[in-house]
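Heads up, the thing below is written out as structure tokens.
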Amino acid sequence: MPSGQNVAALSRAMAQPRRPLDLNRLLDETVRTLSNIDLEHGFEMEKLERSRASTELKRQIAESLRSRHHERREPYLRVIADIRQRMMAMSLLNGLQAAS
């Protein structure tokens, strides 16, 4: 299960790399983690739908599951946005260097 520690480690690695970062690999790993979060959420929602709980209870639980899903996804979405921004900046820099 992904944790806040994973996001913190990714952020630290990007902020102060000891060696050149493989941004494509980092992006792939982060997207994979995000996919796992989505898959787990889907399983939880399916399990809820099959349960014998009342409609009102299911609605409340579904709302809670959606909120938790959003909270778990958000830090990874920020990491992905940061990686993409870095990739764009590196691409622009490489283009400028090639042109000179």
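The values are calculated or read from the model by the stated rules, or taken from the named source; none is laboratory data. Because the structure is predicted, anything quoted here is derived from the model rather than measured. Cβ coordinates were reconstructed from backbone atoms using ideal geometry, including for glycine residues, and neighbour counts include every protein chain displayed.
Please verify whether Glu49 is under 18 Å from the mean Cα position of the chain (by Cα) and either modelled with pLDDT of 95 or more or not in a helix (DSSP H, G or I) (or both), treating the condition exactly as stated. First the steps, then the outcome.
On the way: under 18 Å from the mean Cα position of the chain (by Cα): no; either modelled with pLDDT of 95 or more or not in a helix (DSSP H, G or I) (or both): yes.
The answer is no for Glu49.
Which one is farthest from the chain's Cα centre (by Cα) among residues in the stretch 52-63 that are part of a helix (DSSP H, G or I) and surrounded by 11 or more Cβ atoms within 10 Å (Cβ to Cβ)? Reasoning before the result, please.
First, pick out the residues of the stretch 52-63 that are part of a helix (DSSP H, G or I): 55-63.
Still in the list and also surrounded by 11 or more Cβ atoms within 10 Å (Cβ to Cβ): 57-62.
On the way: Leu57: 29, Lys58: 26, Arg59: 26, Gln60: 25, Ile61: 23, Ala62: 21 Å.
This residue is Leu57.
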* With the condition kept exactly as written, say whether any residue in the stretch 23-36 is at pLDDT 95 or above, among the charged types (D, E, K, R) and surrounded by 14 or more Cβ atoms within 10 Å (Cβ to Cβ). => yes
